[in-house]
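Okay, so here's the structure we're looking at.
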Amino acid sequence: MMTLSLTSVFILEKSIKSFFLLAIIFLVRPILNKKAFRSASLILWIVLLIYLISPYEVELGIGNVKENSILSYLIAFTNLFNSFLGWLVNKISSIYFKLNRLIGSVFDFYLPRNKNL
């Protein structure tokens, strides 16, 4: 059984995934330029643009996968990547939270204040 759903994503998570998608495009593009049709590179850039513009992500659920098939390894790799990405987003967001507090406190103490207020 296969399910398809749309989910909303955090902006930070989407930007990190788009960085990896951009790296994949840069790796695959030379191969496509040699072996595929001319507009294959353009299609990859359009996919990236649609991914960046859209506020949602498409989730694809696949059931009844054989134990040692290529698809099962691919699903395990994507699950591992998503769990690593979740950990990375939590770490980066905690760093940004501390950095935003530091910058806000610096602005609060060192910017000139209007004494008429």
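The values are calculated or read from the model by the stated rules, or taken from the named source; none is laboratory data. Just so it is clear, the structure is predicted and the values come from calculations on it, not from any experiment. Here the Cβ is made from the backbone with ideal geometry for all residues, glycine too, and neighbour counts use every protein chain on show.
Some notes on this structure:
- Pairs where the first residue, in the range 73-91, is without any contact (Cβ under 8 Å) to a residue 24 or more places away in the chain and on the phi < 0 side of the Ramachandran plot and the second is of a type in the set (Gly, Ala, Ser) and surrounded by fewer than 12 Cβ atoms within 10 Å (Cβ to Cβ), C-beta under 9 Å, 6+ apart: none
- Qualifying residue in the range 90-106 (condition: among the basic types (Lys, Arg), farther than 19 Å from Leu12 by Cα and either modelled with pLDDT under 80 or touching a Lys or Arg at 6+ places or on another chain (Cβ under 9 Å) (or both)): no
- Boolean, Ile92 is of a type in the set (A, V, I, L, M, F, W, C), surrounded by fewer than 10 Cβ atoms within 10 Å (Cβ to Cβ) and not in a loop (DSSP other than H, G, I, E, B): no
- Screening Ser72 on (1) at pLDDT below 75; (2) surrounded by 10 or more Cβ atoms within 10 Å (Cβ to Cβ) shows it passes everything except condition (1).
- Every residue from the range 51-69 that is surrounded by 10 or more Cβ atoms within 10 Å (Cβ to Cβ) and part of a helix (DSSP H, G or I): Tyr51, Leu52
- Where a residue in the range 18-46 is in contact (Cβ under 8 Å) with a residue 12 or more places away in the chain and its partner, wherever it lies, is among the polar types (S, T, N, Q) and in a helix (DSSP H, G or I), with Cβ under 6 Å and at least six apart: Arg29/Ser41; Leu32/Ser41
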